[in-house]
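**Student:** Here it is, the structure, as structure tokens.
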Amino acid sequence: MMLTMGGALLVTSCSKGDDLQSGRFRDEVAAAARTEFPDWSIALDPADPTTFRVDAFQIYVGNLYAVVDGLEPGRRRAEIVKFLGVVEAQRRKKAATESTSGETFDQARPRLRIQIVPTDYLAKGLDVVHRKLSDELVIVYALDEPDSYGTLTNKQIDRWGVAAATVENTAIANLEDASRTVEPKIRTGRGGGFVTISTGDSYDGARLLLPGFLDRVRKDLGPSLVMMVPRRDFLIGWTADYSGRLDLYADAKSEFERGPYSRSRELFLASAEGVRPLRPEERSVYD
């Protein structure tokens, strides 16, 4: 899924390939767009080789590069066209919903979901409602769609006249409800155990913020877990005494580096008291 915020279609990646940073990949995607969607108005920014603009949308291609790098030409082209199809769907949705921009809180309420994004989202200058989770992550509020999600802006919440706490509680409750059928993959044995969640529904990492969902996990693994959100679509956790914790942490860091939709290498403690980043002395065993 793509994340649309304030008319921008943005995702974050740590891919540093030469073709990405030189602009060659951006130009390849833009050329495909001109062929597949000749009615698009496309603009390239010489100052930013990782993005191009289609009408009001700024398209970042870093995550797409992480997906297609190394693929044979046919599959590479297919993935690019698939990506462009999502952009076109966003354009059509924007056109269709501009007339309903006065959506009320009660109308939007069922679509609210809690979400976690990297802090560099804020550097894009997008006016999103957010609060800090850690040094590298912030909490935002998604408005779920069938094949994408938008992000709640300050303009929207001001128009609603609803407190941020009400929005957050609603967003958590909705994702809790949507997670009732999600079965975390739990492994136990000598020296503790671990859990992974990877449904691909765009909210796996955000399940770090679901008290009810984590209660289900802790029933099998114990009262507290060390957890990490390396990618949007992958959440991992383990007991502090798990014998393979260093290997799991190394694997999770590889997930972060590989992407797409990278989030953070930070570690969190999840217990009945809530979720917080590990303190330096707690994290030292992993350094």
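**Student:** Please count how many residues of segment 177-204 are among the aromatic types (Phe, Trp, Tyr) and free of Cβ contacts under 8 Å to residues at least 60 places away in the same chain. Steps first, answer last, please.
**Tutor:** Here is the first cut: in segment 177-204, the ones among the aromatic types (Phe, Trp, Tyr) are 194, 203.
Going one step further and asking which of them are free of Cβ contacts under 8 Å to residues at least 60 places away in the same chain, we end up with 194.
Number of matching residues: 1.
**Student:** Additional query: For Ile197, only one of the following conditions fails: (1) β-branched (Val, Ile, Thr); (2) over 25 Å from His130 (Cβ atoms); (3) surrounded by 18 or more Cβ atoms within 10 Å (Cβ to Cβ). What is its number?
**Tutor:** Against the list (1) β-branched (Val, Ile, Thr); (2) over 25 Å from His130 (Cβ atoms); (3) surrounded by 18 or more Cβ atoms within 10 Å (Cβ to Cβ), Ile197 comes up short only on (2).
**Student:** Give segment 137-156 a look and list any residue that's within 13 Å of the chain's Cα centre (by Cα) and acidic (Asp, Glu), or say none.
**Tutor:** Passing the criteria: only Asp144.
Quick grid of which residues meet (1) in a helix (DSSP H, G or I); (2) assigned by TED's automatic domain parsing to the domain that holds Glu88; (3) of a type in the set (D, E, K, R); (4) surrounded by 21 or more Cβ atoms within 10 Å (Cβ to Cβ):
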site: Tyr141; (1), (2), (3), (4): no, no, no, yes
site: Gln156; (1), (2), (3), (4): yes, no, no, yes
site: Arg159; (1), (2), (3), (4): yes, no, yes, no
site: Val162; (1), (2), (3), (4): no, no, no, no
site: Thr166; (1), (2), (3), (4): yes, no, no, no
site: Asn169; (1), (2), (3), (4): yes, no, no, no
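**Student:** Further, regarding this structure: Any residue at all in segment 205-227 that's in contact (Cβ under 8 Å) with a residue 60 or more places away in the chain and in contact with a Ser or Thr (Cβ under 7 Å, 6 or more places away or on another chain)?
**Tutor:** Within segment 205-227, one or more residues are in contact (Cβ under 8 Å) with a residue 60 or more places away in the chain and in contact with a Ser or Thr (Cβ under 7 Å, 6 or more places away or on another chain).
**Student:** Being basic (Lys, Arg) and in contact with a helix residue (DSSP H, G or I) (Cβ under 6 Å, 6 or more places away or on another chain): is that true of Arg216 here?
**Tutor:** No: the conditions fail for Arg216.
**Student:** If you don't mind, another one. More than 23 Å from Ser264 (Cα to Cα) and at pLDDT 95 or above, is that true of Arg216? Break it down into steps so the answer makes sense when it comes.
**Tutor:** Values: more than 23 Å from Ser264 (Cα to Cα): yes; at pLDDT 95 or above: yes.
Spelling it out, Arg216 is indeed more than 23 Å from Ser264 (Cα to Cα) and at pLDDT 95 or above.
**Student:** Just to verify a result, which residue in segment 232-287, among those that are in contact with a Gly (Cβ under 6 Å, 6 or more places away or on another chain) and charged (D, E, K, R), is modelled with the lowest pLDDT? Talk me through it step by step, then tell me what you get.
**Tutor:** The initial filter retains those residues of segment 232-287 that are in contact with a Gly (Cβ under 6 Å, 6 or more places away or on another chain), namely 232-233, 235, 239, 241-243, 263.
With charged (D, E, K, R) added as a condition, the list becomes 232-233, 241, 263.
Working: Arg232: 97, Asp233: 97, Asp241: 94, Arg263: 97.
The selected residue is Asp241.
**Student:** Out of the residues in segment 200-231 that are of a type in the set (Asp, Glu) and surrounded by fewer than 16 Cβ atoms within 10 Å (Cβ to Cβ), which is nearest to Leu143 (Cα to Cα)? Before the answer, list the steps.
**Tutor:** Keep residues of segment 200-231 that are of a type in the set (Asp, Glu), which gives 201, 204, 215, 220.
Then drop every residue that is not surrounded by fewer than 16 Cβ atoms within 10 Å (Cβ to Cβ), which leaves 215, 220.
Working: Asp215: 25, Asp220: 32 Å.
In this case the residue turns out to be Asp215.
**Student:** Can you tell me which residue among Leu225, Leu248 is at negative phi, part of a strand (DSSP E or B) and not assigned by TED's automatic domain parsing to the domain that holds Asp147? Reasoning before the result, please.
**Tutor:** Values: Leu248 fails: part of a strand (DSSP E or B).
Result of the check over Leu225, Leu248: Leu225.
**Student:** Let me ask something else about it. Of the residues Thr181, Thr151, only one is crowded, with 17+ Cβ neighbours inside 10 Å and β-branched (Val, Ile, Thr); which? Give the derivation first.
**Tutor:** Details: Thr181 fails: crowded, with 17+ Cβ neighbours inside 10 Å.
When all the criteria are applied, what remains is Thr151.
**Student:** For the subset of segment 256-283 comprising residues that are in a loop (DSSP other than H, G, I, E, B) and over 19 Å from the mean Cα position of the chain (by Cα), which member is nearest to Thr119 (Cα to Cα)?
**Tutor:** Residues of segment 256-283 in a loop (DSSP other than H, G, I, E, B): 259-261, 263-267, 272-273, 278-279.
Pick out the ones that are also over 19 Å from the mean Cα position of the chain (by Cα) and you get 272-273, 278-279.
Numbers: Ala272: 26, Glu273: 24, Leu278: 18, Arg279: 20 Å.
The residue in question is Leu278.
**Student:** Can you tell me which residues in segment 202-222 are within 14 Å of the chain's Cα centre (by Cα) and outside any helix (DSSP H, G or I)?
**Tutor:** If we filter segment 202-222 for residues that are within 14 Å of the chain's Cα centre (by Cα), which is where we start, we get 202-209.
If the condition is that a residue be within 14 Å of the chain's Cα centre (by Cα) and outside any helix (DSSP H, G or I), then Ser202, Tyr203, Asp204 are the ones that fit.
**Student:** Next question. Out of the residues in segment 188-201 that are modelled with pLDDT of 95 or more and touching a strand residue (DSSP E or B) at 6+ places or on another chain (Cβ under 9 Å), state the one that is farthest from Thr151 (Cα to Cα).
**Tutor:** The residue in question is Gly193.
The values are calculated or read from the model by the stated rules, or taken from the named source; none is laboratory data. Every value quoted in this text rests on a predicted model; they were computed, and no experiment measured them. Quick reminder, even Gly has a Cβ in these numbers, built from the backbone with ideal geometry, and neighbours come from all protein chains shown.
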